[in-house]
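Below is one structure, written out as structure tokens; the observations come after it.
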């Protein structure tokens with residue numbers, strides 16, 4: 001199987017269409033989205049005139065066999081996450097005023113209304129987002145692959161932290177083991193290229209082909225959004241365990 005993986009679109013419809021156009025040339029079997037279709041954050045992105053959350057969502061729905069939720073999607077669809085051990089979201093979280101949420105979150109949780117513009121979703125869009133899982137186990141004949149927006153226990157990227165050291169992935173590998181997964185793919189980090197975390201080390205790589213030689217391993221893929229021109233997509237061949245990471 002050849003799987004194309006995309007992540008962190010952030011309403012950038014132009015970059016998403018270009019990625020899908022280029023993916024089509026690789027004759028992949030399936031396209032997978034690792035979340036954050038939503039989330040145009042004013043301080044970070046400069047494509048205000050071309051942002052289109054609804055078009056991005058429609059493209060994901062029509063092209064991606066599998067999609068999981070990212071933190072911006074969770075906020076946009078007012079979802080109370082099920083897999084969140086580090087913060088107890090009250091049931092009325094989205095009915096609380098901003099100051100109450102600031103106090104409760106204590107600067108540990110992303111409060112996206114600080115920066116995000118309204119994606120202008122309709123009810124069907126919101127229903128689609130609410131139907132998406134927080135993680136997905138993709139099963140092949142020889143191995144299981146864990147698909148999440150970010151790294152366990154922060155699988156949806158709700159917490160304000162990023163992992164860059166080997167030991168920070170220990171819980172993620174235990175989570176993978178509990179699901180009988182040898183390989184995982186994540187987004188969220190907007191990395192320039194991709195990252196590979198094993199039990200021995202964490203390394204960043206530029207856009208290139210990479211052979212997975214040992215497991216467990218967690219691969220972090222680049223974003224689709226054109227922020228800082230470090231965007232791209234990933235193609236994973238499950239038969240020979242190679243990934244190719246392409247720059248847009």
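So the values come out like this:
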quantity: Expected 222 nm ellipticity per residue - DSSP helices of 4 or more, -39500 (n - 2.57), all of the chain, to 500; calculated: -6500 deg cm²/dmol
quantity: Protection proxy ranking of 122-133, 62-73, 203-214 - average other beta-carbon atoms within 10 Å, highest first; calculated: 62-73, 122-133, 203-214
quantity: Förster radius 30 Å - calculated FRET efficiency between residue 131 and residue 174, Cβ distance, rounded to 0.05; calculated: 0.60
quantity: Size descriptor, Kirkwood hydrodynamic radius, that averages inverse alpha-carbon separations across the range 205-248, Å; calculated: 11.2
quantity: Shape of the range 84-143, Cα gyration tensor, a/c cut at 1.5; calculated: oblate
quantity: Theoretical FRET efficiency, 1/(1+(r/R0)^6), r = Cβ-Cβ of residue 160 and residue 66, R0 25 Å, to 0.05; calculated: 0.40
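Any read-out appearing in this document is the output of simple, stated calculations on the displayed coordinates, not a laboratory observation. As the structure is a computational prediction, the values presented were derived from the model and not from experiment. Virtual Cβ from ideal backbone geometry, glycine too; neighbours counted across all protein chains shown.
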